[in-house]
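Here's the structure we're looking at; comments come further down.
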Amino acid sequence: MTHLIATGTDGQQYWRRELALGEVVRLGRAPRKGWAVPWDLRVSREHADIELVEQGLRVTVLKTARNPILYQKQKLKEFTVAPDEKFQIGRTSFQFHDLDSIQSASTEIVEHIFSNR
């Protein structure tokens with residue numbers, strides 16, 4: 001089981017989504033179909049396509065994207081993220097995890113759940 005976790009600058013700006021091998025998902029602030037990051041104005045309406053492949057998570061920046069994606073401190077148009085690595089769009093960080101890397105990792109992953117109470 002693999003996941004992509006998006007985290008913004010505010011504690012409530014967070015989501016975690018499951019990925020399936022070969023599935024292509026569109027990331028954006030308000031994509032027609034895909035996963036939205038509505039809290040970050042630096043993320044274009046439709047910013048990038050992601051696809052889970054054997055080697056990791058392939059990220060492809062769309063021509064309509066107004067801001068770059070940073071991966072390993074570089075502005076790249078296409079790259080493959082390995083498990084437990086991150087990339088950034090605007091002020092939002094995206095971290096890719098797979099179940100094997102989580103179970104074998106020596107680091108602890110903490111999930112925060114917020115309530116409106």
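The values are calculated or read from the model by the stated rules, or taken from the named source; none is laboratory data. Everything quoted here is computed from the prediction, not taken from an experiment. Backbone-built Cβ (ideal geometry, glycine too); neighbour counts: all protein chains shown. All accessible areas refer to the heavy atoms of the entire protein, side chains included, with ligands and DNA or RNA removed. Shrake-Rupley method; radii C 1.70, N 1.55, O 1.52, S 1.80 Å.
Numbers below:
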{"quantity": "Unmet criterion (only one of (1) more than 18 Å from residue 9 (Cβ to Cβ); (2) in contact with a Ser or Thr (Cβ under 8 Å, 6 or more places away or on another chain); (3) modelled with pLDDT of 95 or more) for residue 97", "calculated": "(3)"}
{"quantity": "Subset of region 1-40 (residues that are open to solvent by less than 70 Å² (accessible area, probe 1.4 Å), farther than 17 Å from residue 60 by Cβ and part of a loop (DSSP other than H, G, I, E, B))", "calculated": "8, 11, 13, 20, 30, 39, 40"}
{"quantity": "Residue that is nearest to residue 90 (Cα to Cα), among those in region 1-40 that are of a type in the set (D, E, K, R) and out of contact with any Lys or Arg (no Cβ under 7 Å at 6 or more places or on another chain)", "calculated": "10"}
{"quantity": "Search result, residues across region 47-59 that are of a type outside the set (D, E, K, R) and either surrounded by fewer than 16 Cβ atoms within 10 Å (Cβ to Cβ) or on the phi > 0 side of the Ramachandran plot (or both)", "calculated": "53, 55, 56"}
{"quantity": "Only listed residue being open to solvent by 30 Å² or more (accessible area, probe 1.4 Å), modelled with pLDDT under 95 and not in a loop (DSSP other than H, G, I, E, B), chosen from 102, 109", "calculated": "102"}
{"quantity": "Identity of the residue in region 46-61, at pLDDT 95 or above and in a loop (DSSP other than H, G, I, E, B), that ends up farthest from residue 93 (Cα to Cα)", "calculated": "46"}
{"quantity": "Conditions (1) in contact with a strand residue (DSSP E or B) (Cβ under 6 Å, 6 or more places away or on another chain); (2) in contact (Cβ under 8 Å) with a residue 60 or more places away in the chain; number of the one not met by residue 70", "calculated": "(2)"}
{"quantity": "Long-range neighbours under 7 Å by Cβ, at least six apart or interchain, first residue free of Cβ contacts under 8 Å to residues at least 12 places away in the same chain within region 22-45, second of a type in the set (Gly, Ala, Ser)", "calculated": "36/28; 36/30; 38/30"}
{"quantity": "Count of region 79-91 residues which are assigned to a loop (DSSP other than H, G, I, E, B), in contact with a Phe, Trp or Tyr (Cβ under 8 Å, 6 or more places away or on another chain) and either touching a residue at least 60 places away in the same chain (Cβ under 8 Å) or open to solvent by 40 Å² or more (accessible area, probe 1.4 Å) (or both)", "calculated": "3"}
{"quantity": "Test set (1) surrounded by fewer than 18 Cβ atoms within 10 Å (Cβ to Cβ); (2) closer than 15 Å to residue 90 by Cβ - residue 43 fails condition number", "calculated": "(1)"}
{"quantity": "Filter result (more than 22 Å from residue 97 (Cα to Cα) and either in a strand (DSSP E or B) or of a type in the set (Ser, Thr, Tyr) (or both)) within region 62-78", "calculated": "64"}
